[in-house]
Amino acid sequence: MRELLRVTHRGGTCPILEGSASEAVAIERAVWITDENVAREWGPYLPAAAPTLVLPAGESTKSMGCFGLAVQWLAGLKSDRNTPIVAFGGGVIGDLAGFVAATYMRGVPYVQIPTSLLAQVDSSVGGKVAIDLPEGKNLVGSFYPPREVRIATEFLTTLPDRHFVNGMAEVWKYGFILDAELLETLEARIPRPDDTRLSSMVARCVALKAELVEADEYDRLGIRAILNFGHTVGHALEVLDGYRSLLHGEAIAIGMVVEARLGALLGMTPADAVARAERGLRSQGLPTEIPASTNPARLIDAMRGDKKTTQGQLAFSLLTGVGTCKLVEHVPEDIVRQSLWAT
């Protein structure tokens, strides 16, 4: 595999590699954690007799129950501190397996092999690992960088269309918050699964995220927080949904439009950025509006479970222009309420 770049972190560096699917899975003497969908499509590619834990697909797998199942499975294998865990799947498996690696025997090496577009452009890079609670997304987790990340866009060939579109939400996010040129590329021709630009888009998103991770590894300076554009609202929608019908990227797409409106109401976000967010995400096939049946009080209460919240005061990563974003704390609740639906 060829090296795209290296992400520098406190413990060393993490190479981001790119190659074919067969190259990506060529890891011996490892234990594998994956889900049913990935195992069905790509399980035959794994090294012969590799110990493999296959979990249900979907956000509900990022749970205390599946975490307990995974660490007990490792203990039953007598897996030791030198045996790497391979997270072979999308963002759910990457987050769960990464948290298992961070905690089993107080930390074992692990490798990310992201098989979804969302994981390739975002969640596999940066070392954030976590599981969900009923009270909120990613509330139990750690910063624990992988030994390496192995990306193969070949894995995207078996991705259902809905999951491809779901991952594109994060690509659009990078355009909105950091890269106006990327945004223009997306607007000029809406990406589809057979798009020849996918490899370059993945590489660009990874490079953008790497810059933020290196500048703010532990998410304490407000720099890395801009990656959460759309996520305060989006995560709250996922919590209210019970992680059942909305995919992560779909919820974030709605969140980006709402938070663009919020920025405009606060006088921070230009009106054209709001219109571009709504138009672009809708053209990609993503939802852009909170369901009318959503209870606003419950939604705002769910937002208070966001990790950016301090002393009950809501915080959002808001656009200050096309390709620029910053963390804004202590946002008044009445303005948030006004932003929830277009008027």
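Computed from the coordinates by the stated procedures, all read-outs in this text should not be read as laboratory data. Keep in mind the model is a prediction, meaning the values are calculated, not measured. No Cβ is skipped: glycine too gets one built from the backbone with ideal geometry, and neighbour counts run over all protein chains shown.
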Query raised in the report: Expressed as a whole number of Å, what is the distance separating the alpha-carbon centroids of segment 168-212 and segment 8-58?
Result: 24
Requested in this report: Compare Ile190, Ile300, Ile223 in a GNM of the chain, Cα atoms joined below 10 Å, and give the one with the largest fluctuation.
Outcome: Ile190
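Using Cβ counts within 10 Å as a stand-in for footprinting exposure, how do Met303, Met1, Met256 rank, fewest first? Display every interim value, and only then the final one.
Working: Met303 25, Met1 16, Met256 29.
Listing Met303, Met1, Met256 from fewest to most nearby Cβ atoms yields Met1, Met303, Met256.
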Query raised in the report: Remind me, relative contact order of segment 99-216 in percent, using alpha carbon pairs under 8 angstrom and six or more residues apart?
Result: 28
Requested in this report: Loop only per DSSP, at most 12 neighbouring Cβ atoms within 10 Å: give me the GluC sites (Glu not before Pro) in segment 74-156, ordered by residue number.
Outcome: Glu135
Report task. Averaging sequence separations of C-alpha pairs under 8 Å and six or more residues apart, then dividing by the length of segment 1-92, give the relative contact order as a whole percent. Result -> 29
Query raised in the report: If you average the sequence gap of Cα pairs under 8 Å that are 6 or more apart and divide by the length of segment 179-302, what percent do you get for the contact order?
Result: 22
Report summary line: If amide H atoms are modeled at 1.01 Å from N in the peptide plane, then the residues at a separation of 5 or more from Val86, or on another chain, having amide H under 5 Å from its own are Val31, Trp32, Ile33, Val111
Query raised in the report: So how far, in whole Å, is the C-alpha centre of segment 255-279 from the one of segment 73-135?
Result: 34
Query raised in the report: Mind checking which of Ser20, Ser293, Ser199 has the largest fluctuation in a GNM of the chain, springs on alpha carbons under 10 Å?
Result: Ser293
Query raised in the report: If you work out percent of Cα pairs over 25 Å apart from the coordinates, which of (1) 60; (2) 56; (3) 49 do you get?
Result: (3)
Report summary line: Along segment 121-129, Karplus-curve 3J(HN,Hα) (6.51, -1.76, 1.60; θ = phi - 60°) to the nearest Hz, with x for Gly and Pro, reads 8, 9, 6, 6, 10, x, x, 7, 10
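Between exposed chymotrypsin sites (Phe, Trp or Tyr not before Pro) in the chain, where DSSP calls loop and at most 16 other Cβ atoms lie within 10 Å, what's the longest gap? Walk me through the intermediate numbers first.
Values: sites that count: Tyr218, Trp341.
Counting only loop sites that pass the neighbour cut-off, the longest clear stretch is 1-217.
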